[in-house]
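This report refers to the structure that appears directly beneath it.
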Amino acid sequence: MQEKALHWNFVKKALDNPIISKELKGRMRGRQGFLLLTAYLALISLAIVGMYYYSINRWYAPAIGPNELQKLGKRIFSVVVMFELLLIVFIGPALTSGAISSERERQTFDLLRVSLLSARDLILGKLGSAVAFLLLLILSALPLQSLAFFLGGVGLAELVISLVMLTTSTLMFCTLGIYFSGIAKRTVVATVMSYASLIFPVVLLGIVFILLQNGDINFSSLAQDEENLLIFFLWTLLSTNPFTAAAVAELMLTEEQLLFMFYPPNFPFPIFSPWILYVVFSVTMTALMIWLIVFYTNRYER
């Protein structure tokens, strides 16, 4: 009962944050929020229609059976999840990169700091409004994702893993924008820094994954211990990329029927699935960036 009361008090305190209420009302009062939601769903719908016609045109109609429909269902589900991750990576920092810096540009930041809100409440309020809006986008795409269940090939585990990864990605990339918004004086600078920080974890690691998948990187010249160490390092590093983590986790689940652990050949111990490592990484980075920006905000006032 006490834990339930503490949980309810935390939720009630979060909902009572005036920053969340103000930001959400301002975001949904105008046309921008609805236009973004409409464009988001339209792009996902176009991606699903394109994947459907691409797959149907490749198959001979009388030969289409349950196996082909299950493959189509998996493709549609994977395309929707990857597209949602891509939009989160680009939309998340854009929603929050001006959260703090824009207040300084309008010279309203000092007014917020002399209120009864603490620095943590201010940061969590700005973050909560952006996260709530992005979660609305994710939930609005669930009916489109459910189309894959009519075709088959997608299980409950895949749906739960995708929702967990999308939620933690939303938290991390929104927090990334707030972090740079707090240390930069201009919104333009904060936006550029936010997207520049994504080059290595998103773009370069994606290129490394493609090279590994195509067999362009060969480990045969290494000793067994060195090869195991390098595999473990690359496995952990690639698990910090949302796209590679989702792709490898999907392959493990469909081909090996492995959800939590993976047992590589000639490897001394099992390793966690990439989606678990990614969730741990994203939650840790979110908590660290929130702590740092709260620390910077309190130090800025001294």
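The values are calculated or read from the model by the stated rules, or taken from the named source; none is laboratory data. This is a predicted model, so every value here is computed, not measured. Note that we place each Cβ from the backbone using ideal geometry, even for glycine, and neighbour counts take in every protein chain shown.
Tabulated values for the structure
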read-out	value
Filtered residues of segment 175-188 (kept if β-branched (V, I, T) and closer than 18 Å to F90 by Cβ)	T175, I178, T187, V188
Within segment 81-174, helices (runs of 4 or more DSSP H) holding 3 or more residues that are at pLDDT 85 or above	119-140
